[in-house]
Each structure stands twice: as C-alpha cells, then as structure tokens.
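Participant: Here you go, one structure.
Read-outs throughout are calculated quantities, based only on the coordinates presented, and are distinct from any laboratory measurement. In this text, all values refer to a predicted model and were calculated from it rather than measured experimentally. Cβ placement follows ideal geometry from the backbone for every residue including glycine, while neighbour counts extend to all protein chains displayed.
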Amino acid sequence: MSSLLDVDLEQRGDLTLSAPDFDDGDRMPDYVGAVNDDENPRLEVGGVPADAESLVLVMDDPDTREAVGFTIDHWLVWDVDPAIDHVPRDWDPEADGATVGYNDMLESAYVGPAPPSGEHAYRFKLLALDGEIGLPPQARKAVLDLRARTECSVLAGTQLVGTYDSSQGTIE
C-alpha cells in the first residue's frame with residue numbers, strides 16, 4: 001500500500017482548508033516560525049462530509065527530503081471533532097478532545113517552520129474519516145498513515161501549502 005500522508009494530498013470531495021493570514025502557496029506570517037511565536041496559524045475548515053466521524057490534520061515539510069532523505073513532520077493531530085469549522089491560532093487540540101502525535105522533533109506539539117536555509121513549502125493536510133484513529137499520542141506519522149488507510153475509509157481530503165523562509169526568523 002502506498003503512503004497517504006507522506007505525499008502531496010490530492011483534492012478528494014468537497015473538504016476545504018484555508019487560512020485567513022495567507023493564501024495557498026503564499027508566505028506564512030512570521031508568528032508561525034519556531035524561532036518566533038511558534039504558533040500554528042488559524043485554519044478554516046469547510047465541506048466536511050456529513051458521515052465523517054473524525055478529522056486528521058498533518059503539517060510537514062517535504063523540502064527536507066533532499067537534505068535529510070525524508071519529509072520532516074511538524075504537527076500530527078487526529079481524532080479531531082468533524083464539527084470543527086476552524087482551528088484557532090495557537091490551538092490546543094487536546095483541550096478539544098483530539099490527540100497530538102509525536103512529530104520529528106519528538107514533541108507531542110506543533111513545532112513551527114525553521115528551514116536551515118532558503119524558502120521551504122509546508123503542507124497542511126486534512127483528511128475526513130469514517131471512524132476514529134484511536135492511537136496513543138506516542139504514535140508517529142507512519143502508524144497514523146497505516147491506521148487511516150486500513151482501519152478507516154478516507155471520505156475526503158485536501159491540502160493547503162504555505163511557505164516560510166529562513167530569513168523570517170532570528171534566534172536571539
């Protein structure tokens with residue numbers, strides 16, 4: 001079986017994901033960066049299928065493949081309530097009953113962009129599923145991906161891309 005969450009996510013269904021602070025393919029605001037406020041952007045969710053039982057949200061950096069050989073995961077959230085219409089800035093998913101998995105920095109949290117040089121594209125992927133993932137927070141993206149493909153059906157999916165440049169943040 002091929003990966004679902006480690007590649008660009010093709011539009012599936014009417015699910016939408018947008019951000020009021022940047023358009024798809026555009027530069028994200030400074031506050032999202034790891035060396036700045038390290039806060040996730042507000043995301044607007046729409047078109048969730050009526051029969052969805054949960055959502056999965058992933059943010060990753062595919063531009064790291066060339067340097068390190070794999071896509072770096074910055075944020076993994078599953079079992080998100082499908083009634084959600086937006087993800088607030090600096091969201092605490094666990095307060096809303098969702099599970100936050102381990103990213104590639106081995107943190108169970110959002111970790112903002114921090115490209116070593118130049119501009120990187122960051123993908124926010126959203127899936128609507130017909131069931132819940134039910135994994136513990138120690139799970140990583142490969143296990144999440146497998147569970148989403150084998151234990152649930154993907155009802156809809158979408159992706160939003162924002163860019164971030166290493167010059168957007170400075171370590172003080």
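Participant: Tell me the label-point distance for the pair Val35, Leu106, using the 7 Å Cα-to-Cβ offset, in nm and rounded to one decimal.
Facilitator: In this crude label model, Val35 to Leu106 measures out at 2.3 nm.
Participant: Taking the Cα centre as origin and putting +1 on Lys and Arg beta-carbons and -1 on Asp and Glu beta-carbons, what dipole magnitude results for the chain, to the nearest 20 debye?
Facilitator: Charge dipole of the chain: 480 debye, to the nearest 20.
Participant: Just to confirm the filter: which GluC sites (Glu not before Pro) across region 1-89 are DSSP coil and have at most 12 other Cβ within 10 angstrom of their Cβ?
Facilitator: Counting only loop positions with at most 12 other Cβ atoms within 10 Å, the GluC sites (Glu not before Pro) in region 1-89 are Glu10.
Participant: Hey, another quick one. For the chain, what is the convex hull volume of the alpha-carbon atoms per residue, in Å³?
Facilitator: Spread over its residues, the Cα hull of the chain gives 107 Å³ apiece.
Participant: How long is the gain from Arg140 to Asp81 if the chain were fully straight, where each residue apart is worth 0.36 nm and the alpha carbon distance is subtracted?
Facilitator: 19.2 nm
Participant: Largest first and to the nearest Å, give the Cα extent of region 1-95 along each principal axis.
Facilitator: 41, 37, 26
Participant: Here is a follow-up. Projected onto the charge dipole of region 31-172 (+1 at Lys/Arg Cβ, -1 at Asp/Glu Cβ, origin at the Cα centre), which of Gln168, Asn103, Tyr31 gives the Cα projection farthest towards the positive end?
Facilitator: The Cα lying farthest towards the positive end belongs to Asn103.
Participant: Can you show me the helix-derived [θ] at 222 nm for the chain, built from DSSP H runs with n ≥ 4 at -39,500 (n - 2.57) apiece and divided by the number of residues, rounded to the nearest 500.
Facilitator: About -2000 deg cm²/dmol.
Participant: Under unit Cβ charges (Lys, Arg +1; Asp, Glu -1), what dipole magnitude, rounded to 20 debye, does region 93-172 have relative to its Cα centre?
Facilitator: So the magnitude is around 280 debye.
Participant: Quote to one decimal, in nm, the extra length available between Asp90 and Asp130 on full extension: 0.36 nm per residue of separation minus the C-alpha distance between them.
Facilitator: Separation in residues times 0.36 nm, less the Cα-Cα distance, equals 11.7 nm.
Participant: Separate question: In a solvent-free Debye calculation with one equal scatterer on each Cα, what is log10 I(q)/I(0) for region 108-172 at q = 0.16 Å⁻¹, listed in the order of the q values?
Facilitator: Log10 of I(q)/I(0), two decimals: -0.72.
Participant: May I pose another question? Using only alpha carbon pairs under 8 Å that are at least six residues apart, calculate the relative contact order of the chain and give it in whole percent.
Facilitator: 32
Participant: Another question, then. If Lys and Arg each add +1 and Asp and Glu each add -1, what is the summed charge of the other residues whose beta carbon sits under 14 Å from the beta carbon of Ser167?
Facilitator: Net charge in that neighbourhood comes out at -2.
Participant: Any idea what angle helix 141-150 forms with the longest principal axis of the chain, computed on alpha-carbon atoms, 0 to 90 degrees, nearest 10?
Facilitator: Rounded to the nearest ten degrees, it is 20.
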